[in-house]
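All remarks here apply to the structure that follows.
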Amino acid sequence: MIHSLFLVNSSGDIFLEKHWKSVVSRSVCDYFFEAQERASEPENVPPVIPTPHHYLISVLRHRIYFVAVIQSEVPPLFVIEFLHRVVDTFQDYFGVCTEAAIKDNVVVVYELLEEMLDNGFPLATESNILKELIKPPTILRTVVNTITGSTNVGEQLPTGQLSVVPWRRTGVKYTNNEAYFDVVEEIDAIIDKSGSTITAEIQGVIDACVKLTGMPDLTLSFMNPRLLDDVSFHPCVRFKRWEAERILSFIPPDGNFRLLSYHVSCQNLVAIPVYVKHNITFREGSSQGRFELTLGPKQTMGKGLEAVLISSQLPRGVLNTNLNPSQGTYNFDPVTKLLSWDVGKINPQKLPSLKGSMSLQAGASKPDENPTINIQFKIQQSALSGLKVNRLDMYGEKYKPFKGIKYMTKAGKFQVRT
């Protein structure tokens with residue numbers, strides 16, 4: 001299975017390594033660095049890189065590459081899922097998953113990796129189990145450990161590890177019983193010059209924060225469960241009941257967890273929430289170019305577009321820009337040629353626009369192609385796919401919990417071609 005794990009920062013330095021079976025030399029990462037140099041963007045590094053004696057499988061999260069070294073053939077998605085689980089665990093323990101946080105808590109990091117993999121095979125990856133095995137670091141615990149020489153490792157085996165529901169510890173008690181669910185959708189789309197959709201798909205997740213006493217049994221039903229076709233579940237979900245009734249039935253883990261993730265690729269179901277009117281022109285032999293951009297909401301079901309951010313990589317021949325935004329602020333970097341416009345919230349009655357001229361190199365030929373426009377945005381209390389939770393019921397416990405659900409849509413890779 002997994003022989004070694006290397007953590008590589010954005011500068012290309014290996015700042016942490018862990019070996020489970022035999023020690024693999026750092027020189028194996030040279031193949032990864034070569035692929036990194038060939039990639040135009042950091043996220044374009046191939047996830048699986050074959051070498052003469054190993055396979056390198058990597059994920060990029062928080063500007064850190066997590067590179068696993070494999071000696072025999074294994075399903076790559078199995079390793080990729082484990083690496084994402086490692087990142088999520090670090091984030092859960094330290095609040096953030098950054099190089100500084102990992103270096104500050106290096107002892108806890110090694111303890112976690114030792115528990116999560118046994119001889120290279122995944123063992124304990126549930127946050128509940130890990131927190132009983134290894135206590136999360138706090139300032140007080142760090143001071144006590146420094147003085148007494150003790151560690152964060154728990155003295156007893158987790159109770160949940162021996163039960164039929166290993167993701168939930170026994171004896172959970174809360175004064176306030178509550179269950180919150182967040183439906184978060186990310187839309188990836190490419191819009192052509194005329195405004196037609198070339199591709200559009202939605203990646204969605206339902207994240208849960210469940211703090212309930214005892215051993216509750218929950219059922220979650222949807223208004224339109226047929227939307228959920230391509231779905232990945234948390235192990236707590238009873239799959240047979242989902243197949244038969246399209247109802248999620250589960251005993252939840254304690255605390256935060258991802259209940260399911262789903263993918264909607266049918267373009268008929270993906271509503272594009274924003275439109276762009278653009279006029280970007282470069283004249284042959286002229287040292288001036290024209291830049292006009294107007295944004296507006298579309299098919300947002302009455303919800304407002306927030307945190308709108310426009311970025312565009314302008315051609316190399318552009319020396320500077322003289323643009324006038326109707327709202328927000330814009331910035332142009334003459335070195336990287338990156339134009340960014342922080343629009344903020346869009347008011348449908350007064351659509352934001354960015355208009356003005358571009359200064360071009362004298363005598364330079366007209367750029368071969370117009371720049372593409374990348375858009376970031378958020379829509380609160382709206383799921384673009386139309387997914388709606390119908391009801392949440394609890395069995396097995398007498399008390400009445402407080403229940404809440406929140407929807408949010410945000411842009412993933414949302415690109416408009418000009």
Quiz prompt | Computed E for THR175/ASN390 - FRET, C-beta separation, R0 35 angstrom, nearest 0.05 | solution = 0.75
Quiz item: At a Förster distance of 41 Å, what's the computed FRET efficiency of CYS209 paired with THR281, Cβ-Cβ distance as r, to 0.05?
Solution: 0.25
Practice problem: Name the residues whose placed amide hydrogens come within less than 5 Å of the amide hydrogen of LEU16, ignoring near sequence neighbours (fewer than 5 apart) on the same chain. | Solution: LEU7
Quiz item: Can you give the accessible area of GLU201 in Å² (nearest 10), computed on protein heavy atoms with a 1.4 Å probe?
Solution: 60 Å²
Quiz prompt | Rough spin-label spacing in nm, given labels placed 7 Å along Cα→Cβ, for GLU369 and LYS413 | solution = 1.4 nm
Quiz item: If you average over every viewing direction, what projected area does the convex hull of the Cα atoms of the chain give, in nm²?
Solution: 25.3 nm²
Self-check item: Size of electric dipole in the range 272-378: Cβ of Lys, Arg +1 and of Asp, Glu -1, about Cα centre, debye, nearest 20
Solution: 300 debye
Quiz prompt | Test item: Cα-centred dipole of the chain, Lys/Arg +1 and Asp/Glu -1 on Cβ, debye | solution = 1460 debye
Quiz item: Highest mean first, what order results for 96-107, 11-22 on Cβ atoms within 10 Å?
Solution: 96-107, 11-22
Exercise. Return the sequence-ordered ³J(HN,Hα) values of the range 347-359 in whole Hz as given by the Karplus equation 6.51 cos²θ - 1.76 cosθ + 1.60 applied to θ = phi - 60°, using x for Gly and Pro.
Key: 9, x, 6, 9, 6, x, 9, 10, 9, x, 10, 10, 8
Quiz item: How large is ³J(HN,Hα), in whole Hz, for each residue of the range 326-342 in order, when computed from phi with the Karplus curve 6.51 cos²θ - 1.76 cosθ + 1.60 and θ = phi - 60°, using x for Gly and Pro?
Solution: 6, 7, x, 10, 10, 9, 10, 9, x, 7, 7, 6, 9, 9, 10, 10, 8
Quiz item: For VAL96 and LYS345 in one chain, what is 0.36 nm times their gap in residues minus the Cα-Cα distance, to one decimal in nm?
Solution: 86.9 nm
Practice problem: Read phi for every residue in the range 27-36 and hand back ³J(HN,Hα) as whole Hz from Karplus 6.51 cos²θ - 1.76 cosθ + 1.60, θ = phi - 60°, with x for Gly and Pro. | Solution: 4, 5, 6, 4, 5, 5, 5, 4, 5, 5
Quiz item: What ranking do 46-53, 111-118, 366-373 get when scored by the average of other Cβ atoms within 10 Å per residue, highest first?
Solution: 111-118, 366-373, 46-53
Quiz prompt | Degrees, to the nearest 10: 139-148 long Cα axis against longest axis of the chain | solution = 50 degrees
Quiz item: At a probe radius of 1.4 Å, what is the per-residue accessible area of ARG168, in Å² to the nearest 10?
Solution: 0 Å²
Quiz item: Which FRET efficiency value, to the nearest 0.05, is calculated for GLN288 and ILE198 with the Förster distance at 30 angstrom and r the Cβ-Cβ distance?
Solution: 0.45
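The values are calculated or read from the model by the stated rules, or taken from the named source; none is laboratory data. These numbers come from a predicted model, not from an experiment. With ideal geometry, Cβ positions are generated from the backbone for all residues, glycine too; neighbour counts draw on all protein chains shown. To get the accessible areas, we keep the full protein, side chains included, count just its heavy atoms, and leave off ligands, DNA and RNA. Shrake-Rupley method; radii C 1.70, N 1.55, O 1.52, S 1.80 Å.
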